[in-house]
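Structure first, then comments.
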Amino acid sequence: MSIKQGKTDVILIGAGIMSATLGTMLKELAPDWEITVYEKLAKPGEESSNEWNNAGTGHSALCELNYTPEKPDGSIDITKAVNVNEQFQLSRQFWSYLVSKGLIHNPQDFIRPIPHMSLVEGEANVAFLKKRFKALSAHPLFEGMTFSDDPEQLKEWIPLVMEGRTSNEPIAATKSDAGTDVNFGALTRILFDHLERQDVEINYKHAVQDIQRTPEGNWEVKVHDIEHNRIEYHTAKFIFIGAGGGSLPLLQKTGIPESKHIGGFPVSGLFMVCNNPEVINRHHAKVYGKAKVGAPPMSVPHLDTRYIDHKKCLLFGPFAGFSPKFLKTGSNLDLIGSVKPNNVVTMLASGAKNVPLVKYLIGQLLLSDEKRLETLQEFIPDARLEDWDVVVAGQRVQVIKDTEAGGKGTLQFGTEVVTAADGSVAALLGASPGASTAVHVMLEVIEKCFPDRKNAWAPKIKEMIPSYGVRLAENPELLHQIHAETAETLGLTEKEPAYR
Ligand SMILES: Cc1cc2nc3c(=O)[nH]c(=O)nc-3n(C[C@H](O)[C@H](O)[C@H](O)COP(=O)(O)OP(=O)(O)OC[C@H]3O[C@@H](n4cnc5c(N)ncnc54)[C@H](O)[C@@H]3O)c2cc1C
């Protein structure tokens, strides 16, 4: 096996939406920096960021009920919903900047307007939704949200969901026309094409195997060039580990103190995909339900109008399941291989705490087609098995760590940026709200890893993201202006988008 060596300013590991976003931002902020990417697969955006592997929801808490928990006193806590929505506004602004600059030609290639709806049945759930609606619709970020518990109105909004419904239970929904469907796979490919044109060196079929500090304080990555079966060593001052589910094992290789006492819990998924154009054309919304008691937030199936390959599609899911793999293309040994002396206690504590969750996920995994159809029929009572196929979704690796509130081995459902104290390496762990908040998360990476550039880069960041550093929730005028401008630039103003 021959050996190749090289040196660069920045190494991005993985060609998903996170590396795509960070690479694009850094190229705008520091155009002369040399950036090199290593991706183990043959193309960008093939793992979680691929359109068939995630749900494509532009998460902004317009429909996801898990972002607005009910407090013990019965009131609704909207803190998380406000934060997620604020974060999505940053993504909208950055994408608009790329469109305005001509770096993205046609926004319809990756983003479309689609109503976001929450749908619940039963008296207690309807009461919860009403309270949630009251709390959110009074807030500037959620303006325009509407509520209805009138079956006739719901029939207009979601005919497919209301038809054939025999239950006498009260039913209600909220609807927001500010929702979006985002094709994160297409966006990732667009951004990598752009980076390639900017002379970023992108190496596909190159798997990073190890990361070590050099005596000078830089980082050296050991890379397997899969096609030529040779080992390469490359050094850089800054490394971003954007390897999705593969980030945790690589972070552990760095040996930095911040990588210790962290574990990963993989959750697999399945989507049902409608193959009947008549059914597909009778629905136009993303409809989220409420998680069943005891079920984790990522297991709430939703009925989603999507735009994939410029075609309108209808997907239901994801059904969560358990798999020991950290990537869809990963190995069954991933989970066991991630258990290290420094995280074994954390992992064991988590195992003991999460037996019901594992049982739930295995139960989900073993569901027959008929059982899955029963879940779908809670949304589309007249659904027929022959109209639906099953596709395997991406893997999510939830972070396990010790926290003050939850104690040892607490399962986290969010996204976490882990950085070395000197900012020379950063890794992204976790999966939710995920791709929608890539811009917010990468701004966090930039702030933590390049504090000395803060002042020099601030004007350019403001040009890319005009609300940078300002809470839109507290500046309704700026919010309205930015919302209108980004809607215009991204083509999100039509109610019923034209699609080819
Ligand atoms: C079922 C499901 C539904 C989801 N729904 C949504 C949603 O509706 N909205 C939303 O915003 N987010 C959603 N997400 C989350 C979102 O998909 C992820 O947060 C996002 O795609 C992560 O991007 P990434 O770049 O970190 O990882 P990825 O897209 O997984 O990219 C990581 C890349 O690193 C490569 N890699 C791994 N190891 C190595 C190595 N050793 N060497 C070189 N390359 C390596 C992989 O091949 C891959 O290409 C969902 C995720 C799943 C699984």
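Once the range 28-55 is narrowed to residues that are touching a helix residue (DSSP H, G or I) at 6+ places or on another chain (Cβ under 9 Å) and outside any loop (DSSP other than H, G, I, E, B), the residue that is nearest to the ligand (Cβ to nearest atom) is VAL37.
Kindly indicate whether ALA438 is touching a helix residue (DSSP H, G or I) at 6+ places or on another chain (Cβ under 8 Å) and not in a strand (DSSP E or B). In short, yes. Go through (1) in contact with a helix residue (DSSP H, G or I) (Cβ under 9 Å, 6 or more places away or on another chain); (2) more than 13 Å from the ligand (Cβ to nearest atom); (3) modelled with pLDDT of 95 or more one by one and return the number of the condition GLY58 breaks. Among (1) in contact with a helix residue (DSSP H, G or I) (Cβ under 9 Å, 6 or more places away or on another chain); (2) more than 13 Å from the ligand (Cβ to nearest atom); (3) modelled with pLDDT of 95 or more, the lone unmet condition for GLY58 is (2). Restricting attention to the range 1-23 and to residues that are surrounded by fewer than 24 Cβ atoms within 10 Å (Cβ to Cβ) and among the polar types (S, T, N, Q), the residue that is modelled with the lowest pLDDT turns out to be SER2. Does GLU34 satisfy being within 21 Å of VAL441 (Cα to Cα) and either acidic (Asp, Glu) or out of contact with any Gly (no Cβ under 7 Å at 6 or more places or on another chain) (or both)? No, not satisfied. Among (1) within 16 Å of the ligand (Cβ to nearest atom); (2) not in a strand (DSSP E or B), where does LYS454 come up short? Checking LYS454 against (1) within 16 Å of the ligand (Cβ to nearest atom); (2) not in a strand (DSSP E or B), the one that fails is (1).
Considering every residue within the range 465-479, establish whether at least one is in contact with a Lys or Arg (Cβ under 7 Å, 6 or more places away or on another chain), part of a helix (DSSP H, G or I), over 16 Å from THR21 (Cα atoms) and not small (Gly, Ala, Ser). Give the steps one after another, and end with the answer.
Just the residues of the range 465-479 that are in contact with a Lys or Arg (Cβ under 7 Å, 6 or more places away or on another chain), to begin with: 468.
Subset that is part of a helix (DSSP H, G or I): none.
So far as the range 465-479 goes, no, none of its residues is in contact with a Lys or Arg (Cβ under 7 Å, 6 or more places away or on another chain), part of a helix (DSSP H, G or I), over 16 Å from THR21 (Cα atoms) and not small (Gly, Ala, Ser).
Checking each residue of the range 88-102 against the condition of being surrounded by fewer than 21 Cβ atoms within 10 Å (Cβ to Cβ), at pLDDT below 95, among the basic types (Lys, Arg) and away from the ligand (no atom under 12 Å from the Cβ) gives no match. The listed residues are LYS27, LYS43, and the only one of them that is in contact with a Phe, Trp or Tyr (Cβ under 9 Å, 6 or more places away or on another chain) and more than 28 Å from TYR468 (Cβ to Cβ) turns out to be LYS43.
Only a single criterion out of (1) buried (at least 21 other Cβ atoms within 10 Å of the Cβ); (2) within 21 Å of GLY56 (Cα to Cα) is not satisfied by ARG132, namely (2). Contact annotation: residue pairs with Cβ atoms under 6 Å, 6 or more positions apart or on different chains, pairing a residue in the range 446-463 that is at negative phi with a partner that is assigned to a helix (DSSP H, G or I), are TRP457/LEU29; LYS460/LEU29.
The number of residues in the range 416-435 being near the ligand (Cβ under 10 Å from one of its atoms) and either over 14 Å from the mean Cα position of the chain (by Cα) or in a helix (DSSP H, G or I) (or both) comes to 3.
Table: residues versus (1) closer than 30 Å to SER259 by Cβ; (2) of a type in the set (A, V, I, L, M); (3) in contact (Cβ under 8 Å) with a residue 12 or more places away in the chain.
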{"position": "HIS283", "(1), (2), (3)": "no, no, yes"}
{"position": "HIS302", "(1), (2), (3)": "no, no, yes"}
{"position": "GLY330", "(1), (2), (3)": "yes, no, yes"}
{"position": "VAL339", "(1), (2), (3)": "yes, yes, yes"}
{"position": "THR346", "(1), (2), (3)": "yes, no, yes"}
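Total residues in the range 249-272 satisfying the condition of being outside any strand (DSSP E or B) and within 10 Å of the ligand (Cβ to nearest atom): the figure is 3.
Across the range 201-218, the qualifying residues are those that are in contact with a Phe, Trp or Tyr (Cβ under 8 Å, 6 or more places away or on another chain) and of a type outside the set (Gly, Ala, Ser), and the one among them that is nearest to SER424 (Cα to Cα) is ARG213. Taken over the range 270-328, the criterion of being at pLDDT 90 or above and of a type in the set (S, T, N, Q) is satisfied by ASN275, ASN276, ASN281, THR305. Looking across the range 359-373 at every residue that is touching a Gly at 6+ places or on another chain (Cβ under 8 Å) and of a type in the set (A, V, I, L, M), the one that is farthest from the ligand (Cβ to nearest atom) is identified as ILE362. The residues of the range 361-395 that are touching a strand residue (DSSP E or B) at 6+ places or on another chain (Cβ under 8 Å) and over 22 Å from LEU314 (Cα atoms), listed by number, are LEU361, ILE362. Identification of strands (runs of 3 or more DSSP E) wholly contained in the range 336-415 with 3 or more residues that are buried (at least 17 other Cβ atoms within 10 Å of the Cβ) yields 396-403, 407-411. Scanning the range 379-410 for residues that are under 30 Å from ALA349 (Cα atoms) and more than 16 Å from the ligand (Cβ to nearest atom) yields ILE400, LYS401, ASP402, THR403, GLU404, ALA405, GLY406, GLY407, LYS408, GLY409, THR410. Considering the range 457-479, the residues that are touching a Phe, Trp or Tyr at 6+ places or on another chain (Cβ under 9 Å) and β-branched (Val, Ile, Thr) include one that is nearest to the ligand (Cβ to nearest atom), namely ILE465. Pairing each residue of the range 48-68 that is over 23 Å from VAL390 (Cβ atoms) with any residue that is of a type in the set (Gly, Ala, Ser) and part of a helix (DSSP H, G or I), provided the two are 6+ apart or on different chains, yields C-beta distances under 6 Å for GLY58/SER436; HIS59/SER436; ALA61/ALA81; TYR67/ALA81; THR68/ALA81.
Determine which member of the set LEU376, LEU315 is within 13 Å of the ligand (Cβ to nearest atom) and among the aliphatic types (A, V, I, L, M). Spell out the reasoning first.
Values: LEU376 fails: within 13 Å of the ligand (Cβ to nearest atom).
When all the criteria are applied, what remains is LEU315.
The values are calculated or read from the model by the stated rules, or taken from the named source; none is laboratory data. Nothing here was measured: the structure is a model prediction, and the numbers come from that model. Cβ sites come from the backbone with ideal geometry, for glycine too, and all protein chains shown count toward neighbours.
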